Amino acid sequence: MPERPPSSEDMAEIMPLSPARQALLQARGHVGLLVGLFVLLVVMVSAIFAPIVAPHDPYVQEIATKLSPPVWQEGGDWAHILGTDGLGRDILSRLIYGARVTLIAGVGAAIISGIIGTIIGMCGGYFGGRVDDFVVFLINVKLAMPGILIALSLVSIFGGSLVTITLILGLLFWDRFAVVARTTTQQLSKRDFITAAEVAGASSRWILMREMLPNLMNQIIVVASLEMALAILVEATLSFLGLGIQPPTPSWGLMISEGRTLMFAKPYLIMIPGIAIFALVVAINLIGDGLRDITSPEGKG
């Protein structure tokens, strides 16, 4: 009697799982990663579709309904679920539109700093010698600088537009990327596949972009999640101090600043945007921790 051909289930048991498939299976069981992704997805969808999701225009002032409490407090109205601010603007709508500013600043700064730091770190780790000495010097100088104080100074000079803040944060927070990229590149440069590429006559650019960079991406993504959370906090700090996003543009940090004069009488004015910042930063950190867990060699056992 002829044997039946192996089924897909049999082949799955025989053939080892690919790294991507294994990481996906581990991600499904990582509670922190799933929670972080869910929160980030909700914020991103709300920000992208803000004109559809927001119940009111975030700029319209209704003096007759100003300082209306949230719906769960006495006097609250379902027309303004999270209440209104001192100018009668709907807090929920401003929170949704403010997510755009927060995400653009966080993602933009992480991308800019990631590109700068990764290039600097890879060059130092691969070429070594004087190039590496110069890269180490740059990293040490940057680590010695108080990033937030420099950001305050630069924003006060060049203005607090969203583009300016994103560029400043991106140019200031590249040092972690450089440290990770340099260390990992030094380790990879001793591997056999790099030696084989060099023997085959591949150029340094080809080796860095085609061989090194793909093997750095896991670490870079983890660092990017941490830098994104830091950029969000710094942007909120600048807006709170009046040096960041200027009114009437919705910004979570600016909403806290506008509500601080009434923080004892109307605490929800600062609690709601504060909780939003806290939840988003925690979610991003959970994503970073989850990616580290599922991509590290110890987590692939």
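For the chain, the Cβ-based charge dipole about the Cα centre amounts to some 520 debye (Lys, Arg positive; Asp, Glu negative; other atoms uncharged).
Building the convex hull from the alpha-carbon atoms of segment 54-113 and averaging its projection over directions returns 4.7 nm². With respect to the chain, whose longest principal axis is taken over its alpha-carbon atoms, helix 147-158 is tilted by about 60°.
Remark: segment 236-252, residue by residue, has Karplus-estimated 3J(HN,Hα) of 5, 5, 4, 5, 4, 7, x, 9, x, 4, 9, x, x, 4, x, 8, 5 Hz, where x stands for each Gly or Pro and the curve is 6.51 cos²θ - 1.76 cosθ + 1.60 at θ = phi - 60°. Judged by the mean number of other Cβ atoms found within 10 Å, the most tightly packed of the peptides 141-150, 259-268 leads the ranking 259-268, 141-150. Rolling a 1.4 Å probe over the protein heavy atoms of segment 53-128, with every protein chain left in place, gives an accessible area that is 67 percent carbon and sulfur. For segment 47-146, the solvent-accessible area of protein heavy atoms averages 50 Å² per residue (probe radius 1.4 Å; ligands and nucleic acids excluded).
With N as its number of residues, segment 178-301 has a Cα radius of gyration that, divided by 2.2 N^0.38 Å, comes to 1.57. Residues His56, His80, sorted by accessible area with the largest first, give His56, His80 [1.4 Å probe; ligands and nucleic acids excluded]. Estimated purely from DSSP H runs of n ≥ 4, each contributing -39500 (n - 2.57), the mean residue ellipticity at 222 nm for the chain is -22000 deg cm²/dmol once divided by its residues.
Seen against the Cα atoms of the chain and their longest principal axis, helix 268-295 is set at about 10 degrees.
Using a cutoff of 8 angstrom between alpha carbon atoms and counting only pairs six or more residues apart, the relative contact order for segment 47-206 works out to 22 percent. Placing a pseudo-label 7 Å from each Cα along the Cα-to-Cβ vector at Thr183 and Phe278 gives an inter-label distance of 3.1 nm.
Just the number, please: carbon plus sulfur as a percent of the accessible area of segment 193-234, 1.4 Å probe, no ligands or DNA/RNA counted.
63 percent
On a 0 to 90 degree scale, rounded to 10, what angle separates helix 129-144 from the longest Cα axis of the chain? Around 20 degrees separate the two axes.
Of the trypsin sites (Lys or Arg not before Pro) found in segment 155-244, those that fall in a DSSP loop while having at most 16 other beta-carbon atoms within 10 Å are Lys190, Arg191. Across the chain the C-alpha pair distances fall into 10 Å bins from zero in the proportions 6, 22, 26, 21, 14, 8, 3, 1, 0 percent.
Give me the base-10 log of I(q)/I(0) for segment 143-247 at each q in 0.10, 0.13, 0.25 Å⁻¹, Debye formula, one uniform scatterer per Cα, rounded to two decimals. At q = 0.10, 0.13, 0.25 Å⁻¹ the computed log10 ratios are -0.42, -0.61, -1.25.
The values are calculated or read from the model by the stated rules, or taken from the named source; none is laboratory data. A quick note: this is a predicted structure, and the numbers were derived from the prediction, not measured. Cβ atoms come from the backbone with ideal geometry, glycine included; neighbour counts cover every protein chain shown. Remember, those area values only see protein heavy atoms, side chains included, never the ligands or the DNA or RNA. Shrake-Rupley method; radii C 1.70, N 1.55, O 1.52, S 1.80 Å.
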